[in-house]
Amino acid sequence: MHVHKSVQENKVEISASIIVQNYNKYMSGVDHHDQLHLTFVLGKSHSFCKYYVKLFLFLCDIGFTNAWIYYRMCNPSKVDKYGSRAEFFEAVAEEIVNPTNFTHAREEKKIH
């Protein structure tokens, strides 16, 4: 079994030891979640004086990652390999900033 390693902006294929092979074979859900979470982190490149800002952003990151995992499980036909996660995050952010009429229609039904 071979693994890919980045060496000075180039990906190199090297043979993996048995320990690495077993780790990759039996990797659990937490490891997959961590990998997904670390590819897009809201507070990673910022430094904050208040700890609760970083905590809030961390909780948002975990929520976005969980939402992506559930979206991917429920909509396997809509999920593309490239770009779909970023598009999902953009759609969530857009919906938070500008809610669609669907949300308002549900609220109107509750009022009437």
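If you take the residues of the stretch 1-53 that are within 28 Å of Trp68 (Cα to Cα) and among the small types (Gly, Ala, Ser), which of them is surrounded by the most Cβ atoms within 10 Å (Cβ to Cβ)?
Step by step, filter the stretch 1-53, then rank; the result is Gly43.
Return the pair list, or none, for Cβ contacts closer than 9 Å from residues in the stretch 51-79 that are farther than 12 Å from Phe89 by Cα to residues that are modelled with pLDDT under 85 and among the hydroxyl-bearing types (Ser, Thr, Tyr), at least 6 apart or on different chains.
Qualifying pairs under 9 Å: Lys54/Ser47; Arg72/Ser84; Lys78/Tyr71; Lys78/Ser84; Val79/Tyr71.
The values are calculated or read from the model by the stated rules, or taken from the named source; none is laboratory data. Nothing here was measured: the structure is a model prediction, and the numbers come from that model. For neighbour counting, all protein chains shown are included, and Cβ atoms are generated from backbone atoms with ideal geometry for every residue, glycine included.
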